[in-house]
Structure formats: C-alpha cells, structure tokens
1. Regarding V205, is this residue within 22 Å of V96 (Cβ to Cβ), among the β-branched types (V, I, T) and either outside any loop (DSSP other than H, G, I, E, B) or out of contact with any Pro (no Cβ under 9 Å at 6 or more places or on another chain) (or both)?
2. So, of the residues in region 118-134 that are more than 14 Å from P83 (Cβ to Cβ), surrounded by fewer than 22 Cβ atoms within 10 Å (Cβ to Cβ) and hydrophobic (A, V, I, L, M, F, W, C), which turns out to be nearest to the chain's Cα centre (by Cα)?
3. Residues to consider are M200, M146; find the one that is surrounded by 20 or more Cβ atoms within 10 Å (Cβ to Cβ) and farther than 27 Å from S122 by Cα.
4. Out of the residues in region 210-231 meeting the condition of being over 26 Å from P170 (Cβ atoms) and within 23 Å of the chain's Cα centre (by Cα), tell me which one is surrounded by the fewest Cβ atoms within 10 Å (Cβ to Cβ).
5. Can you say whether S140 is under 16 Å from the mean Cα position of the chain (by Cα), more than 23 Å from P50 (Cβ to Cβ) and in the same structural domain as A53 (by TED's automatic domain parsing), as far as the supplied structure shows?
6. Looking at region 119-151, which of its residues are more than 29 Å from V197 (Cα to Cα) and without any contact (Cβ under 8 Å) to a residue 40 or more places away in the chain?
7. Could you please tell me which pairs satisfy a Cβ distance under 6 Å, a separation of 6+ or placement on different chains, a first residue in region 190-209 that is more than 19 Å from G223 (Cα to Cα), and a second residue that is assigned to a helix (DSSP H, G or I) and at pLDDT 95 or above?
8. Could you give every pair whose Cβ atoms fall below 7 Å, whose first residue belongs to region 94-107 and is closer than 17 Å to R36 by Cα and modelled with pLDDT of 95 or more, and whose second residue is part of a helix (DSSP H, G or I) and not aromatic (F, W, Y), counting only separations of at least 6 or pairs across chains?
Amino acid sequence: MTETFTPPTRFAVPGRIEVSAQAATSWQTATITEIRPETPRAATVRLAVPVWAGHVPGQHLMLRLTAEDGYAAQRHYSIASAPDDSGHIELTLDHVAGGEVSGWFHTVARPGDRVEVRGPLSGFFAWPGDRPALLIGAGSGVVPLMSMVRHHRARGLDVPLRLLVSARSPEELIYAREYGAETTPVFTRSAPTGLPVGRMSAAHVAPLLAERPPGGWEAYVCGSNGFAEHASRLLVAAGQPVDRIRIERFG
C-alpha cells in the first residue's frame, strides 16, 4: 500500500467497545503488549485482543487508528503469529517513509496503547497445514509466510514446507534468528561471506520444484507487485501449475 497522508501528531486511544458474537466482522479494541525490533526498519507489535475469533496462517486483519480530531486511518496488515488460544496476535510492520500508521507504531506507540482491529479477513491466501507448501517472499512479504512456518513448527506437522525469502541484506532480513532448515535466504545487495548476491532466479526455484512431494506443491508468493510477478514467472517456468500459485501483493 502507499501511505501519503501527513498524520496528526498523535492518534487518540480509542475507548473500549462492545464485542458482538460476530467478532471477526466487528471492530474491537486491542491493547499493545510488546513492541520489538526485527530490523532497523521493521518491528513486531504484539496485541491482546479481547475476543479473537482465531485465524488461519496467511490471513490478515484491518487495523484502525483515530486521531484526536476524529480523522481515522485504516490499513490491512498480515498476521505474523501462528494460531493459538492465547488471545494475542502479532503484526510485523515496515516503517514506511511518510506512513501515518506505520510511522505511529514506530515512533509513538508504546505498550499499553490501544488500537482498533477487525478480522481475521480473507481465506484465499490461507494455509491450514493440510498440503505441501512452497513459500516465496521478499521484504515484509515474508510476514504471512512466517505465520505458516510458525504454525508448521508449533503443530509438528509432517507435511512438507519450504521457504524461499529475499532481502536486500542480512541486516534487512526479517525474522533472521528464527529460520531453520526449511528456509533458503536470497540477498540482492550484500550477503554473508560465501553466499552469492543477486536477484532470485531459476537456480533458487527449480531445485525446490524438483522435490515435488506427493500431491505437488501449493505455492504462496508475497511481496511487491514487481517481485510477485517475477517470482510467479519463475514458478511457472519451473513447472508449477498456474492454478496452484496464490499471490498476495502490496505496493
């Protein structure tokens, strides 16, 4: 998404609202319980939600901030955490230049502040863990994919899962400390010693397609418009059926 509005200096904390039985489609007030840095420009926000309907990895929510003058800003954000019954969810936000919502979270928000949320939303990009998943993301596009990886680990699922993630440098690789054997990082501008530098290519995608688990892969691609187009072309060229590629893009 593009954020261009010059924000008020401070968003007001919304009052607590009544939560209906239709929790997923109603606005409710969530409390920030933790903010932790992931990279110099990305941070994870942990929210306590009074009545969370539960989510499937890959889903997102709508978040709303209201300024003291009544102006409200809404944004869609992918859910980063795995499904659980703790009543907490996590979002990971890039600090977008000039972004009114991301700017507030990165420069103003503190634990104890409250925001309004509605969701979870959308089922197209969701992965319940019932089929082999080939995940490809770039930058903050890895956020919904990490929800899938965390779900896979938390449930001890046997179904194959692979993650191919692109970042400009090791310092900008979101969740770098969490990746394991399922993950292959690609660095486009600088890389650790011994790793090549360059754009994601057929050399990265083709070996994963060649594994071809029983039933084949369901591919999930998330990133900017340009990255999503590039990655989907690589998948098709390597033999992935078009109707088994799910794309979520931003920009």
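The values are calculated or read from the model by the stated rules, or taken from the named source; none is laboratory data. Please read all numbers here as calculations on a predicted model, not as lab measurements. Heads up, the Cβs are rebuilt from the backbone with ideal geometry, glycines too, and the neighbour counts pull from every protein chain shown.
1. On the way: within 22 Å of V96 (Cβ to Cβ): no; among the β-branched types (V, I, T): yes; either outside any loop (DSSP other than H, G, I, E, B) or out of contact with any Pro (no Cβ under 9 Å at 6 or more places or on another chain) (or both): yes.
For V205, the condition - within 22 Å of V96 (Cβ to Cβ), among the β-branched types (V, I, T) and either outside any loop (DSSP other than H, G, I, E, B) or out of contact with any Pro (no Cβ under 9 Å at 6 or more places or on another chain) (or both) - is not met.
2. Applying the filter and picking the extreme gives F125.
3. None of the others qualify; the one that does is M200.
4. Among those that are over 26 Å from P170 (Cβ atoms) and within 23 Å of the chain's Cα centre (by Cα), it is E218.
5. Details: under 16 Å from the mean Cα position of the chain (by Cα): yes; more than 23 Å from P50 (Cβ to Cβ): yes; in the same structural domain as A53 (by TED's automatic domain parsing): no.
Against the criterion (under 16 Å from the mean Cα position of the chain (by Cα), more than 23 Å from P50 (Cβ to Cβ) and in the same structural domain as A53 (by TED's automatic domain parsing)), S140 does not qualify.
6. D130
7. Final answer for the pair search is P192/P170.
8. Matching pairs, first to second residue: D94/S102; D94/S140; H95/S102; H95/G103; H95/H106.
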